[in-house]
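No lab work stands behind these numbers, since they all come straight from the coordinates. Computed from a prediction, not measured in an experiment: that's the story for all the values here. Cβ: placed from backbone, ideal geometry, glycine included. Neighbour counts: every protein chain shown.
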Amino acid sequence: MADCCKLVGDFPVGSAPGCIISVSTNSSTELNRICESFTAQGPTTGTLNMSAYASTTIHEGCPGRASVSIPWVRRYDCDNDEVHFIFSGKGRSSLSGDVDNLARIDEVINSYKIVNASAAGGPAALYTDETQYDGYGLIYSGGPVSFSTSEDGQVTFQNWFGVGDGSELLLQSFNLTVEPGNYPVANYSFVFTA
Amino acid sequence: MALNQDIVGQRYTLRAGAPMPILGGGFALHTFMAEKNDIILSPCTTNLPSSRDFRGQGGDLMSANYNRVLDTSGNIFSGNKVKEPTYIDEDAIYSGGSGGGFIECTSLNISYDVLGLVTITYTVVSESAGFNVRGTIQAGGQTFTGWVTSATVNQIPFTSWYETHVTMITTTADSY
């Protein structure tokens, strides 16, 4: 077996908390071939996507979802080869259905009705009729990593997997999916420098 | 940031004529102090200024500009207004900020004219307010020295960081 293929059971989760389902990274270096024999090289940044169980309790009740997207302002200091990600607000968020009190919107702006119905499974199939809330900021109290986007300090995390240059992971998006009969699942996307 | 909450930025403009070549090399720039204006940024406001707020009618505003924001009320505007200038010493800009921060990589632009005068523009990103300018720029094997002719500092919206947009008129160090 090639060196790059390893048993996932041996994956070094390090100090990462909770029940992680999957981890993947996607990185790239900004390259610009401006001359035939010279390529200008910019910073290398990446995203780390992590999926994990948000709770160890099987959900009973209606399905639910919550999400948030955090805007980071990026500025590059090429004199010192340093990328600065500047926190610029708690981010657009939405929540619908029953999320087991795992998440709540910090600042609700609007709410409206949403439906999801399909008779493809027969007339006895269930449909959902819920309220969706749109706003800014999300306070997430589930696992494996809880956070609040309301304050800068609560959306940066230690680099559990040692990706990139080892600097902090910055939460850029998150979504929580809660389905009846299943464990709630949290999906995180972090940005990092390499 | 709440509705009708403003951000105060500042603009510095050197009161100067065009640089004049000096016999034997170099240039002279005659200056007559500098102007400093407060620029009031209003990301979301319901209050537009009255004509009477402008200097021509006894107020203290020089200009203002607003665009309507997409909102169900139809009455939210985003824009800015420029207050009347105060006159300051030319070199006050060099002590106006911390001198910290960094020059955003691709903001640096260097433009030469036929006389060898070099206009340089750049943006300094900093965590501290005030004019964070550089009096000297080193780039491409040259040292550019001269005067800041204009600078504008404003807070990056929704952050605690600041950007100073700077324009300088310079020559390379070997032309003195």
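Applying a 4.7 Å cutoff between beta carbons, the unpaired cysteines of chain A are A:CYS4, A:CYS5, A:CYS19, A:CYS35, A:CYS62.
Within the listed set A:GLN41, A:GLN172, A:GLN132, the residue fluctuating most in the Gaussian network model of chain A (springs between alpha-carbon atoms under 10 angstrom) is A:GLN41. Note: relative contact order over chain B, using C-alpha pairs below 8 Å and six or more positions apart, is 20 percent. Here is the tail figure for the protein assembly as shown: Cα pairs spaced more than 35 Å apart come to 47 percent of all pairs. Taking all Cα pairs closer than 8 Å and separated by 6 or more residues, the relative contact order of chain A comes to 27 percent.
At q = 0.18, 0.20, 0.24 Å⁻¹, work out log10 I(q)/I(0) for the stretch A:109-194 with the Debye formula, treating every Cα as an identical point scatterer and leaving solvent out; two decimals please. Debye intensities relative to I(0), on a log10 scale: -0.93, -1.04, -1.26.
Among the chymotrypsin sites (Phe, Trp or Tyr not before Pro) within the stretch B:19-61, not one is in coil by DSSP while having at most 14 neighbouring Cβ atoms inside 10 Å. Of the Cα atoms belonging to the stretch B:7-175, the radius of gyration and Dmax stand at 18.5, 66 Å. Taking the number of Cβ atoms within 10 Å of each Cβ as an exposure proxy, the fewest-first ranking of B:THR106, A:THR128 is B:THR106, A:THR128. Relative to its residue count, chain A spans a Cα convex hull of 198 Å³ per residue. Of A:ASN101, A:ASN80, A:ASN49, the residue with the greatest mean-square motion in the GNM of chain A, using alpha carbon springs below 10 Å, is A:ASN80. Largest GNM mean-square fluctuation among A:ALA16, A:ALA103, A:ALA119, using chain A with Cα springs under 10 Å: A:ALA119.
Modelled label positions at B:ASN47 and B:ASP71, each set 7 Å beyond Cα in the direction of Cβ, lie 1.4 nm from each other. What's the longest piece of chain A with no exposed GluC sites (Glu not before Pro), counting a site as exposed if DSSP puts it in a loop and it has at most 10 other beta carbons within 10 Å? With GluC sites (Glu not before Pro) excluded where exposed in loops, chain A gives A:61-194 as its longest stretch.
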